[in-house]
Amino acid sequence: MKRKMMLCERIMYVDRETPFTLVQAARIRGRLDPAQLRHALDRIQLKHPMLRVAVLDGDSPQILLEDDPAPIPLRLVARQSDQDWLREAHTERETAFASDQAPLMRAVWIHDDDGGELLLTCHHCICDGLSMVTLLRETLALCDRPDLDIGRHTSVNGMEDLLPEEVLNDRRAHRNARWKAMAFRLFFAVRRKRTPVPQGEFYVLRWKLPSEASQALAERARAEGVTVFAAIAVAFSLAFRTIRSDRANGKVFVPVDIRKFLPRLSADSLFASAPGAIVALDNRTPPGQIDELGYWNQARAFKARLNQRIERLTRNVYEFFIGLELLHSVFDQFIAERRSDLDAYDVTLSNVGRIEMPRDYHGFHLETVYSPSLHLPWRTTTSVLMSGFAGELDFSFMSDQHSLPREQAEAIRDHVIASLWERGRTANPAETDILSVREAA
């Protein structure tokens, strides 16, 4: 199978030289046999067509499904310290795939006699954060039960395999998409192509909110009639405004999972496109003047505005995909724009959600799962991926020195941690051991 790369994939691909990768990490106690791991990787590659594809570069890149792809590379690393996986994650994140050959996935098992860390790395053009969790879940399940039936998916041959048939035949949807695409092309026709601005040194801050604090926050959010995500979004917004002052605008970008609107995709399909919504919070009241009542009022307002934008997005989701395919001609200008202009929001907040998978397997135990990390190739790289596992909230906070100086990011992190503890009204965070580290080369 050879097909034209859809624009939603192309945006996540950029070009062959760009290391647009996602890294998923998990800590394991016990014995994970490399032979079992090799078998598991072979099985998931057989299930998912996107793990057997290569990208053929050109003016219009193509997806090639290989009949006999190379196996998913598995690298074994002797574990010397608790920091090894952070260095390996940095290496994986900054290493581009040779995308003209499948697969666009690789794995690293960093191990000693007591266990270690498993890293799964994929190109962002074939999967998103939810897909990474799926791959981890299936890999561990197959290490536990090598004969487990995980099914097998068919390949996506283009937009006709994503959208419902009634949408493909909807003249009104196509007409609206054409008008929007025409306006977008006109914008770039009258705009001079921008010069990309180099990024600064990239870094990742990681931390976990312990189970007692995470549970207390969840209970408080439920009592206030909001989601935990809304409470966290307000914490980040206030932290940015406190630390960045006039350079913060009180807006966040929230990617939206749209799988449920694409019925031809199953929940465990690998998929990458995630349109999103920019949500504005109150930026008029000084952060220091926002009390407990004001905090939760902001969380309720955020929840309401996000739901409104998601509803608006879902009404137009099919036009979004149809219209994207009409914009290949301005792709280079779009990428140049993203690489030259600062975003109109403070941070991207991506919620992977609660990670549901077993913890106990034959011979090994899943101690924890970390939120995925990635290095955005745009002018602004500031993003947060969050998830929940075994009752703990986990955060990956990524940026570069030009987008957000590391010292400010660390201050924002500390402000968010203190705010979330305060919202749950639990113990003092200074009295609790919170994992908080920086990944570096």
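Among the candidates T242, T227, T285, which residue alone is β-branched (V, I, T), assigned by TED's automatic domain parsing to the domain that holds V384, surrounded by fewer than 21 Cβ atoms within 10 Å (Cβ to Cβ) and free of Cβ contacts under 8 Å to residues at least 60 places away in the same chain? Spell out how you get there, then give the answer.
Working: T242 fails: free of Cβ contacts under 8 Å to residues at least 60 places away in the same chain; T227 fails: free of Cβ contacts under 8 Å to residues at least 60 places away in the same chain.
The match here is T285.
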- [ ] Just give me the residues in the stretch 161-204 being under 30 Å from L374 (Cβ atoms), of a type in the set (A, V, I, L, M, F, W, C) and either part of a strand (DSSP E or B) or free of Cβ contacts under 8 Å to residues at least 60 places away in the same chain (or both), in sequence order.
- [x] F187, F202, V204
Task: Which listed residue is in a loop (DSSP other than H, G, I, E, B), more than 30 Å from C122 (Cβ to Cβ) and basic (K, R), from R244, R305, R284 - done: R284
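Considering each of Q80, Q101 in turn, give the residue that is farther than 19 Å from E17 by Cα and either part of a strand (DSSP E or B) or outside the structural domain of H375 (by TED's automatic domain parsing) (or both). Give the steps one after another, and end with the answer.
Working: Q101 fails: farther than 19 Å from E17 by Cα.
Residue meeting the stated conditions: Q80.
For L326, state whether it is in contact with a Ser or Thr (Cβ under 7 Å, 6 or more places away or on another chain) and under 30 Å from W179 (Cβ atoms).
Details: in contact with a Ser or Thr (Cβ under 7 Å, 6 or more places away or on another chain): no; under 30 Å from W179 (Cβ atoms): yes.
Against the criterion (in contact with a Ser or Thr (Cβ under 7 Å, 6 or more places away or on another chain) and under 30 Å from W179 (Cβ atoms)), L326 does not qualify.
Would you confirm whether or not the stretch 24-44 contains a residue that is of a type outside the set (A, V, I, L, M, F, W, C), farther than 30 Å from R379 by Cα and touching a Cys at 6+ places or on another chain (Cβ under 6 Å)? Let's see the steps before the verdict.
Step one: list which residues in the stretch 24-44 are of a type outside the set (A, V, I, L, M, F, W, C), which gives 24, 27, 29-31, 33-34, 36, 38-39, 42-43.
Going one step further and asking which of them are farther than 30 Å from R379 by Cα, we end up with 27, 29-31, 33-34, 36, 38-39, 42-43.
Next cut, touching a Cys at 6+ places or on another chain (Cβ under 6 Å) only: 36.
Yes, the conditions are met somewhere in the stretch 24-44.
With I11, I28 as the choices, which residue is of a type in the set (V, I, T) and assigned to a helix (DSSP H, G or I)?
Numbers: I28 fails: assigned to a helix (DSSP H, G or I).
It is I11.
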TODO: Would you check if there is a residue in the stretch 173-196 being under 30 Å from E337 (Cβ atoms) and either hydroxyl-bearing (S, T, Y) or at pLDDT 95 or above (or both)?
DONE: yes
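The values are calculated or read from the model by the stated rules, or taken from the named source; none is laboratory data. This structure is a prediction, so every number in the text was calculated from the model and none was measured. Don't worry about glycine lacking a Cβ; one is built from the backbone with ideal geometry, like all the others, and counts go over all protein chains shown.
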